[in-house]
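S.K.: Pasting in a structure now, in structure tokens, and then I'll have a few things to ask.
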Amino acid sequence: MTADLHELEQRASAELAQVSDLQALEQWRLRYLGKKGEVTLAVRSVGQLPPAERPAYGKLANEVKGRLEAAYEARLEVLKQEEVERALRAAAVDVTLPGRRPAVGRLHPSTQTLREIYHIFTQMGFQIYRSREVETDEYNFELLNMPPHHPARDMWDTFYINKDVVMRTHTSPGQIHVMRAYYPEPIRAILPGKCYRYEQVTVRSEHMFHQVEGLAVGKHITMADLKGTMIHFARQMFGPERKLRFRCSHFPFTEPSVEVDMDCILCGGKGCSLCKHTGWLEIAGAGMVHPVVLRNGGYDPNEWSGFAFGMGIERIAMLKNHIEDIRYFFSNDLRFLGQFH
Ligand code: FA5
């Protein structure tokens, strides 16, 4: 009978050595040391033996039970420790891995260009004045010397909200707002913002784009002031060697009116695809504020004069950054937007 006990101990020990997790260990415990486990039953079976065999068998059975219990406790400790280590390993941070870059937002290229322009003009003493994007027909056209049915209105394809209200087609209506707000002070202001036109979208034209309007009103303002201001701006924005030319043009709200061209920043005037082989790039429409517009703003044109200009911000940003298609600006492609730091 004692041979059975030795065999049991060997089998149980061998199996215990194979146990590799806590669940299997618990099954092992139930199989051998549980209430109905083989070792427990073997100890209990002592009563069924002939009296002479009982002491030796009982002693051995208790020893076997004691050794297996001790082995069980030891195994339990080892497996618990292994479990803890596994959990730690699973939760571990590999400090040698490269970090993940946080997705940092950037300023839109139009905003960046606007801010550069603000910087240049505020250094010249201009203040920034904002006016509304939804305008009355009166401000967008009439007060700018374009009465109803004036053919010049065709220059701007207009989004109408109703018969009298429009999405502003240019920042020029802000001229009237700023004049009415500041009369009888002299004015030096830039008026930035979004403009809207019901236009065919092309590589150079969008439905929505930004303009910056400039307005100076004073007692002795001449065309020379306009030229000096535009030349200083172009050289600050595009480099000190820039040349400008002022070409005759027409706007109903300026007289005389000009288009301001800058020598091509790519070819320096020799002619290339950017300047369509003319050597020149248009950067603004401008002129001396029309007497009717001065009067509509509250200023007597016999005493006051002024200059105004308007430029397209995306066109300026395109020139500065060699962007070939205006449609990139508002199509929200991060591959494009992410390039502007
Ligand atoms: C005007 O809007 C005049 N208000 C400018 C002005 C102001 C003249 C003050 C005199 C005195 P024009 O329609 O040319 O002019 O537009 C001015 C600039 O806005 C253009 O040179 C161009 O850079 C930009 N622009 C016009 N239409 C679009 C468009 N659809 N998409 C992008 N930019 C545009």
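The values are calculated or read from the model by the stated rules, or taken from the named source; none is laboratory data. It should be emphasised that the depicted structure is a prediction, and the values quoted were computed from it without experimental measurement. For neighbour counting, all protein chains shown are included, and Cβ atoms are generated from backbone atoms with ideal geometry for every residue, glycine included. The accessibility values were calculated without ligands, DNA or RNA, using every heavy atom of the protein model including side chains. Shrake-Rupley method; radii C 1.70, N 1.55, O 1.52, S 1.80 Å.
S.K.: Taking the conditions exactly as written (more than 14 Å from the ligand (Cβ to nearest atom), open to solvent by 50 Å² or more (accessible area, probe 1.4 Å) and closer than 26 Å to HIS322 by Cβ), does HIS220 satisfy them or not? Give the derivation first.
M.R.: On the way: more than 14 Å from the ligand (Cβ to nearest atom): yes; open to solvent by 50 Å² or more (accessible area, probe 1.4 Å): yes; closer than 26 Å to HIS322 by Cβ: no.
Considered against the rule, which asks whether it is more than 14 Å from the ligand (Cβ to nearest atom), open to solvent by 50 Å² or more (accessible area, probe 1.4 Å) and closer than 26 Å to HIS322 by Cβ, HIS220 comes out as no.
S.K.: When the residues of region 293-329 are narrowed to those that are touching a Phe, Trp or Tyr at 6+ places or on another chain (Cβ under 9 Å) and surrounded by fewer than 16 Cβ atoms within 10 Å (Cβ to Cβ), which ends up modelled with the highest pLDDT?
M.R.: The residue in question is GLY298.
S.K.: Looking at (1) out of contact with any strand residue (DSSP E or B) (no Cβ under 6 Å at 6 or more places or on another chain); (2) within 14 Å of the ligand (Cβ to nearest atom), find the lone condition where PHE159 falls short.
M.R.: (1)
S.K.: Search region 128-140 for residues that are more than 18 Å from VAL293 (Cα to Cα) and pair each with any residue that is part of a loop (DSSP other than H, G, I, E, B) when their beta-carbon atoms are under 8 Å apart and the residues are at least 6 apart or on different chains.
M.R.: Taking only residues 6 or more apart or on different chains, the pairs are ARG132/ARG168; GLU133/ARG168; VAL134/ARG168.
S.K.: (1) open to solvent by 40 Å² or more (accessible area, probe 1.4 Å); (2) in a helix (DSSP H, G or I); (3) closer than 29 Å to GLU83 by Cα: which one isn't true of SER20, the others all being true?
M.R.: Condition not satisfied by SER20: (2).
S.K.: Could you please find all residues in region 269-284 being under 17 Å from LYS243 (Cβ atoms), more than 14 Å from the ligand (Cβ to nearest atom) and surrounded by fewer than 19 Cβ atoms within 10 Å (Cβ to Cβ)? Give the derivation first.
M.R.: So the first thing to find is which residues in region 269-284 are under 17 Å from LYS243 (Cβ atoms), and the list is 269-272, 274-275, 278-284.
With more than 14 Å from the ligand (Cβ to nearest atom) added as a condition, the list becomes 269-272, 274-275, 278-279.
GLY269, LYS270, GLY271, CYS272, LEU274, THR278, GLY279 - these are the residues of region 269-284 that are under 17 Å from LYS243 (Cβ atoms), more than 14 Å from the ligand (Cβ to nearest atom) and surrounded by fewer than 19 Cβ atoms within 10 Å (Cβ to Cβ).
S.K.: Also: Taking into account only those residues within region 178-195 that are over 24 Å from the mean Cα position of the chain (by Cα) and in a strand (DSSP E or B), which is nearest to the ligand (Cβ to nearest atom)? If you could, list the steps in order and put the result at the bottom.
M.R.: Going through region 178-195, the residues over 24 Å from the mean Cα position of the chain (by Cα) turn out to be 178-191.
The next check asks that each one be in a strand (DSSP E or B); those that pass are 187-191.
Numbers: ILE187: 14, ARG188: 14, ALA189: 12, ILE190: 11, LEU191: 10 Å.
Taking the candidates together, the pick is LEU191.
Yes/no per residue for (1) of a type in the set (Val, Ile, Thr); (2) free of Cβ contacts under 8 Å to residues at least 40 places away in the same chain:
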position	(1), (2)
VAL293	yes, no
TRP304	no, no
GLU314	no, no
ASN321	no, no
GLU324	no, no
SER331	no, yes
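S.K.: Kindly indicate whether GLU259 is in contact with a strand residue (DSSP E or B) (Cβ under 9 Å, 6 or more places away or on another chain), free of Cβ contacts under 8 Å to residues at least 12 places away in the same chain and acidic (Asp, Glu).
M.R.: On the way: in contact with a strand residue (DSSP E or B) (Cβ under 9 Å, 6 or more places away or on another chain): yes; free of Cβ contacts under 8 Å to residues at least 12 places away in the same chain: no; acidic (Asp, Glu): yes.
So GLU259 does not fit the description; no.
S.K.: Looking at this structure, is MET146 outside any loop (DSSP other than H, G, I, E, B) and open to solvent by less than 30 Å² (accessible area, probe 1.4 Å)?
M.R.: On the way: outside any loop (DSSP other than H, G, I, E, B): no; open to solvent by less than 30 Å² (accessible area, probe 1.4 Å): yes.
Criteria not met by MET146.
S.K.: Report whether or not GLY287 is within 16 Å of the ligand (Cβ to nearest atom) and either part of a helix (DSSP H, G or I) or crowded, with 19+ Cβ neighbours inside 10 Å (or both).
M.R.: On the way: within 16 Å of the ligand (Cβ to nearest atom): yes; either part of a helix (DSSP H, G or I) or crowded, with 19+ Cβ neighbours inside 10 Å (or both): yes.
For GLY287, the condition - within 16 Å of the ligand (Cβ to nearest atom) and either part of a helix (DSSP H, G or I) or crowded, with 19+ Cβ neighbours inside 10 Å (or both) - is met.
S.K.: Among the residues that make up region 172-181, is at least one of them among the polar types (S, T, N, Q) and touching a strand residue (DSSP E or B) at 6+ places or on another chain (Cβ under 7 Å)?
M.R.: For region 172-181, residues among the polar types (S, T, N, Q) and touching a strand residue (DSSP E or B) at 6+ places or on another chain (Cβ under 7 Å): present.
For every residue, the table says whether it meets (1) hydroxyl-bearing (Ser, Thr, Tyr); (2) in the same structural domain as GLY312 (by TED's automatic domain parsing); (3) more than 10 Å from the ligand (Cβ to nearest atom); (4) crowded, with 17+ Cβ neighbours inside 10 Å.
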position	(1), (2), (3), (4)
ILE176	no, yes, yes, yes
ARG197	no, yes, no, yes
VAL201	no, yes, no, no
GLU213	no, yes, no, yes
ALA216	no, yes, yes, yes
ARG235	no, yes, yes, no
GLU241	no, yes, yes, no
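S.K.: When the residues of region 290-314 are filtered to those that are touching a helix residue (DSSP H, G or I) at 6+ places or on another chain (Cβ under 7 Å) and of a type in the set (A, V, I, L, M), which remaining residue is farthest from the ligand (Cβ to nearest atom)?
M.R.: From region 290-314, those touching a helix residue (DSSP H, G or I) at 6+ places or on another chain (Cβ under 7 Å) are 293, 296-299, 301, 304, 306-309, 313-314; that's our starting set.
From the residues that got through so far, the ones that are of a type in the set (A, V, I, L, M) too are 293, 308, 313.
Numbers: VAL293: 9, ALA308: 4, ILE313: 8 Å.
Restricting to residues being touching a helix residue (DSSP H, G or I) at 6+ places or on another chain (Cβ under 7 Å) and of a type in the set (A, V, I, L, M), the top hit is VAL293.
S.K.: Taking the criterion of being among the polar types (S, T, N, Q) and part of a loop (DSSP other than H, G, I, E, B), would at least one residue in region 304-321 satisfy it?
M.R.: Filtering region 304-321 down to residues among the polar types (S, T, N, Q) leaves 305, 321.
Next, only the ones that are part of a loop (DSSP other than H, G, I, E, B) stay: none.
No: region 304-321 contains no residue that is among the polar types (S, T, N, Q) and part of a loop (DSSP other than H, G, I, E, B).
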